[in-house]
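Worksheet: the structure to be examined is printed underneath.
The values are calculated or read from the model by the stated rules, or taken from the named source; none is laboratory data. Nothing here was measured: the structure is a model prediction, and the numbers come from that model. So basically every Cβ, Gly included, is an ideal-geometry build from the backbone, and we count neighbours across all protein chains shown.
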Amino acid sequence: PFEPLSNAPLLQLSIKVSSLLAAATSRRCSELHALTLAPGHIRWEPGGVRLVSSAGFLTKNQSDSFQPPDIFVPDLKSFSAVAADRLLCPVRALKWYISRTKPIRSGHHQLFLASTTPHQPVTRDTIARGIVTAIRSVPGGWPAAEGNIHAHDVRGVSSSWAFFKGIPIEE
């Protein structure tokens, strides 16, 4: 239901973007919830996009003096020339999502908006439900989908998968 993005309903596009960002960054739903389109918080760079959390956001288990690091999301075309991989590119999906939500933002800067009127910013629980919906839609199943499925599973599965593919833990 996610492709082509030009025909996908806003709900499906939201689900795709949130799940791809979760998998690509191994970030918690609260960190995805804190993403904003306020000036200076999203920077398109060669090879990807840099996202900066909302001012005042604290990640889980961090002190008041901690400043969350920027999130760099690489463009998959930097890593693969396979056309099918492009469909899983979080940067491509994010560009579509921002373009599609621009007319309905009504001054809201939070990245994720409800797909239904009045298009208010969503909660982190809504983001988590969308990620679980995406996990359940994976053909052939998701490696951690035995029993109950949680959005938090994406963090462990994506990090472990990357590690076993030889990607350094720092990346």
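List of remarks:
Residue-wise test of (1) at pLDDT 95 or above; (2) surrounded by fewer than 14 Cβ atoms within 10 Å (Cβ to Cβ).
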position: SER78; (1), (2): no, yes
position: ASP85; (1), (2): no, yes
position: ALA93; (1), (2): yes, no
position: TRP96; (1), (2): yes, no
position: SER99; (1), (2): yes, yes
position: SER106; (1), (2): no, yes
position: LEU111; (1), (2): yes, no
position: SER115; (1), (2): no, no
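- Scan the stretch 1-24 for residues that are surrounded by fewer than 21 Cβ atoms within 10 Å (Cβ to Cβ) and among the hydroxyl-bearing types (Ser, Thr, Tyr) and the total you get is 1.
- Unique match (being in contact with a Leu (Cβ under 9 Å, 6 or more places away or on another chain) and among the acidic types (Asp, Glu)) among GLU31, GLU3: GLU3
- Considering (1) modelled with pLDDT under 90; (2) touching a Ser or Thr at 6+ places or on another chain (Cβ under 8 Å), the lone condition that ASP70 does not fulfil carries the number (2).
- Qualifying residue in the stretch 16-35 (condition: within 26 Å of THR116 (Cα to Cα), assigned to a loop (DSSP other than H, G, I, E, B) and of a type in the set (A, V, I, L, M, F, W, C)): yes
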